[in-house]
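Asks: Before anything else, here's the structure in question.
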Amino acid sequence: MLNLPQGIRVFACAQPTALRRSFARLAAMVREHLRRDPLGGDLYLFRNRAGDRVKVFWHEPTGFWIFYKRLHRGVFHFPAASAMSIEIEAADLAFLLQGIRIPAAKVPARP
C-alpha cells in the first residue's frame, strides 16, 4: 500500500505505453505528451497495451520513484478519456492498482 502525501494529484495516461521506458524517458513523456512538469510532485500512471501491467512514476524531493505492477489475472481498468491523460482521485488509486474499475468522472456533491 502506498502512503501518498496529502493533496497529491494523480494522472493516468490514456494511451498504452511501452513499459520498458525508465526514468528519463518517462519524464520526457510526462513533459512532451502529457504537457505536465515531471518534477512537480504529481503521480503518473502508465499501462501496457495488454493492460495487465502498470508503471507508477513519481518525483519527490529526493528523486524519482518507479513502481511496477503486473496482475496475475485481469487487467487494469483506466478511465476512458478523450485527452492524453485523465486526473483521478488519489483515493481511487488503490482500487485501480487492484484491478477494480473506477468511474470515469466524479460528480461533486451539491450542498
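Asks: For a quick check of your reading of the model, give me the residue pairs whose first member lies in region 87-102 and is within 17 Å of A14 (Cα to Cα) and of a type outside the set (V, I, T), whose second is in a helix (DSSP H, G or I) and open to solvent by 40 Å² or more (accessible area, probe 1.4 Å), with beta-carbon atoms closer than 9 Å and at least 6 apart or on different chains.
Replies: Cβ pairs passing all conditions: R101/F95.
Asks: Select from region 39-65 the residues that are more than 11 Å from the chain's Cα centre (by Cα) and within 21 Å of F95 (Cβ to Cβ) and list them in ascending order.
Replies: Within region 39-65, N48, A50, G51, D52, R53, W65 qualify.
Asks: Out of curiosity, is R49 within 18 Å of I102 (Cα to Cα), surrounded by fewer than 12 Cβ atoms within 10 Å (Cβ to Cβ) and modelled with pLDDT of 90 or more?
Replies: Against the criterion (within 18 Å of I102 (Cα to Cα), surrounded by fewer than 12 Cβ atoms within 10 Å (Cβ to Cβ) and modelled with pLDDT of 90 or more), R49 does not qualify.
Asks: Also, I was wondering about something else. Among the residues of region 31-38, is any more than 23 Å from A91 (Cβ to Cβ), in contact with an Asp or Glu (Cβ under 8 Å, 6 or more places away or on another chain), surrounded by 13 or more Cβ atoms within 10 Å (Cβ to Cβ) and not acidic (D, E)?
Replies: For region 31-38, residues more than 23 Å from A91 (Cβ to Cβ), in contact with an Asp or Glu (Cβ under 8 Å, 6 or more places away or on another chain), surrounded by 13 or more Cβ atoms within 10 Å (Cβ to Cβ) and not acidic (D, E): present.
Asks: Go through (1) more than 14 Å from the chain's Cα centre (by Cα); (2) part of a loop (DSSP other than H, G, I, E, B); (3) basic (K, R) and name the single condition R36 misses.
Replies: (1)
Asks: Among the residues of region 78-92 satisfying the criterion of being among the acidic types (D, E) and open to solvent by 40 Å² or more (accessible area, probe 1.4 Å), which is nearest to H33 (Cα to Cα)?
Replies: Across region 78-92, the extreme among qualifying residues is E87.
Asks: Which pairs do you get when a residue that is farther than 23 Å from Q6 by Cα and of a type in the set (S, T, N, Q), found in region 30-50, comes within reach of a residue that is open to solvent by less than 20 Å² (accessible area, probe 1.4 Å) and part of a loop (DSSP other than H, G, I, E, B), reach meaning Cβ atoms under 8 angstrom, with the pair 6+ apart or on two chains?
Replies: Here the result reads N48/T17, each pair linking region 30-50 to a residue that is open to solvent by less than 20 Å² (accessible area, probe 1.4 Å) and part of a loop (DSSP other than H, G, I, E, B).
Asks: Something else about it: Report yes if S85 is more than 14 Å from the chain's Cα centre (by Cα) and among the hydroxyl-bearing types (S, T, Y), otherwise no.
Replies: No; evaluated as a whole, the condition is false for this residue.
Asks: Could you tell me whether any residue of region 18-26 is assigned to a loop (DSSP other than H, G, I, E, B), hydrophobic (A, V, I, L, M, F, W, C) and open to solvent by less than 20 Å² (accessible area, probe 1.4 Å)? It would help to see each step written out before you state the result.
Replies: Pass one, region 18-26, residues assigned to a loop (DSSP other than H, G, I, E, B): 18-22.
Now drop any that are not hydrophobic (A, V, I, L, M, F, W, C), which leaves 18-19.
From the residues that got through so far, the ones that are open to solvent by less than 20 Å² (accessible area, probe 1.4 Å) too are none.
The answer is no; no qualifying residue exists.
The values are calculated or read from the model by the stated rules, or taken from the named source; none is laboratory data. Since the structure is predicted, the reported quantities are computational estimates derived from the model, not experimental observations. Note: ideal-geometry Cβ built from the backbone for every residue, glycine included; neighbour counts use all protein chains shown. With ligands, DNA and RNA removed, areas are computed over all heavy atoms of the protein, side chains included. Shrake-Rupley method; radii C 1.70, N 1.55, O 1.52, S 1.80 Å.
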